[in-house]
1. Which condition breaks for residue 130 when tested against (1) out of contact with any strand residue (DSSP E or B) (no Cβ under 8 Å at 6 or more places or on another chain); (2) surrounded by 16 or more Cβ atoms within 10 Å (Cβ to Cβ)?
2. Inside region 17-62, can you point out the residues that are under 23 Å from residue 97 (Cβ atoms), touching a strand residue (DSSP E or B) at 6+ places or on another chain (Cβ under 9 Å) and assigned to a strand (DSSP E or B)?
3. Looking at (1) in a strand (DSSP E or B); (2) within 21 Å of residue 99 (Cα to Cα); (3) without any contact (Cβ under 8 Å) to a residue 60 or more places away in the chain, which is the one condition that is false for residue 5?
4. Could you figure out which of (1) out of contact with any helix residue (DSSP H, G or I) (no Cβ under 7 Å at 6 or more places or on another chain); (2) without any contact (Cβ under 8 Å) to a residue 40 or more places away in the chain; (3) under 29 Å from residue 124 (Cα atoms) isn't true of residue 55?
5. Looking only at region 87-103, filter to residues that are touching a strand residue (DSSP E or B) at 6+ places or on another chain (Cβ under 8 Å) and part of a strand (DSSP E or B); which one of those is farthest from residue 68 (Cα to Cα)?
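The values are calculated or read from the model by the stated rules, or taken from the named source; none is laboratory data. Predicted model only: the values in this text are computed from it and were never measured. Neighbour counts are summed over all protein chains in view; Cβ atoms, including those assigned to glycine, are modelled from backbone coordinates with ideal geometry.
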């Protein structure tokens, strides 16, 4: 998105406090920009072709397994690159990705790519159903734990916090 000569109106308690125009080239979200999110476009030239750095809306690691979560208003708001990334991460890195579709905090359906399912179907859900899917994923990480020791990596973490490794 490019915001050239975009008009910003600041209203507090129904009263207009400011109104001004801004030029903000290369930002994806005015809301994100105002909240201090990084401008990832600054790194576009680091990668070949049309490859770009993308953010992940949510991510969790449990027992050596990783789940990325992408929240979208609708299935039409995801792009081919995101789906390709989800497939390749599941296939080659063992990372699961779930796309959750719906308004904020009101999921309507999801699409879950896992190493065992590279061609999932869209599944209708509500909040409770989505919670069940995430709970099941978490339980599966316990059943199929990839880590050998609960403490080995914590010893490495200590290095970055001034404690002996």
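1. (1)
2. The answer is 58, 59, 60, 61.
3. Going through (1) in a strand (DSSP E or B); (2) within 21 Å of residue 99 (Cα to Cα); (3) without any contact (Cβ under 8 Å) to a residue 60 or more places away in the chain one by one, residue 5 breaks only (2).
4. (1)
5. Within region 87-103, the match that is farthest from residue 68 (Cα to Cα) is 102.
So that you can scan it fast, the table gives a plain yes or no per residue for (1) surrounded by fewer than 18 Cβ atoms within 10 Å (Cβ to Cβ); (2) under 16 Å from residue 75 (Cβ atoms); (3) within 21 Å of the chain's Cα centre (by Cα):
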| position | (1), (2), (3) |
| --- | --- |
| 87 | yes, yes, yes |
| 90 | no, no, yes |
| 95 | no, no, yes |
| 99 | no, yes, yes |
| 106 | yes, yes, yes |
| 123 | yes, yes, yes |
| 141 | no, no, yes |
| 144 | yes, no, no |
| 156 | yes, no, no |
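Yes or no, residue by residue, for (1) at positive phi; (2) at pLDDT below 85; (3) over 18 Å from the mean Cα position of the chain (by Cα):
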| position | (1), (2), (3) |
| --- | --- |
| 3 | no, yes, yes |
| 7 | no, no, yes |
| 11 | no, no, yes |
| 14 | yes, no, yes |
| 26 | yes, yes, yes |
| 29 | no, yes, no |
| 40 | no, yes, no |
| 62 | no, no, no |
| 66 | no, no, no |
